[in-house]
Amino acid sequence: MKNSMQLKAIIKNVAKSKNISAQIVLQNYMLERLLERISSSRYQSNFILKGGFLIASIVGLDTRATMDMDGTIKGLKVNVESISNMLNEVCAIEM
């Protein structure tokens, strides 16, 4: 992807072709990219995905308006600092 205008055009086209809101397509794209980064990180075995986003991904529901991603952290200290450090590291991964 070269720029934000290309991303917007792709999202608009996907939304139109699937007859769903562009906002839902964008939200799903962002959550999927975060998951891709988590799966490429050293935290991949510490993060357990669960909830609506997982179910929608498994059964292929494109129209579910999932606003968040539910997960559990295992094997790591869970406090504001450690989670912040983990997310900063994960989000810094180039894809």
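The values are calculated or read from the model by the stated rules, or taken from the named source; none is laboratory data. It should be emphasised that the depicted structure is a prediction, and the values quoted were computed from it without experimental measurement. All Cβ positions, glycine included, derive from the backbone under ideal geometry; neighbour counts span all protein chains shown.
Descriptive notes on the structure:
- Residue satisfying all of: in the range 26-40; surrounded by fewer than 16 Cβ atoms within 10 Å (Cβ to Cβ) and of a type in the set (D, E, K, R); nearest to Lys77 (Cα to Cα) among these: Glu36
- Lone unmet requirement of (1) in contact (Cβ under 8 Å) with a residue 24 or more places away in the chain; (2) of a type outside the set (A, V, I, L, M, F, W, C); (3) touching an Asp or Glu at 6+ places or on another chain (Cβ under 9 Å) for Arg33: (3)
- Residue match in the range 25-40 (condition: at pLDDT 85 or above and not in a helix (DSSP H, G or I)): no
- The single condition from (1) exposed (fewer than 10 other Cβ atoms within 10 Å of the Cβ); (2) outside any loop (DSSP other than H, G, I, E, B) that Val14 fails is (1).
- Residue among Ile93, Ile48 that is touching a Lys or Arg at 6+ places or on another chain (Cβ under 7 Å) and part of a loop (DSSP other than H, G, I, E, B): Ile93
- Residue in the range 52-75 that is surrounded by the fewest Cβ atoms within 10 Å (Cβ to Cβ), counting only those that are under 19 Å from Met86 (Cβ atoms) and either modelled with pLDDT under 75 or not hydroxyl-bearing (Ser, Thr, Tyr) (or both): Gly75
- Among (1) aromatic (Phe, Trp, Tyr); (2) surrounded by 15 or more Cβ atoms within 10 Å (Cβ to Cβ); (3) outside any loop (DSSP other than H, G, I, E, B), the one test that Tyr43 misses: (3)
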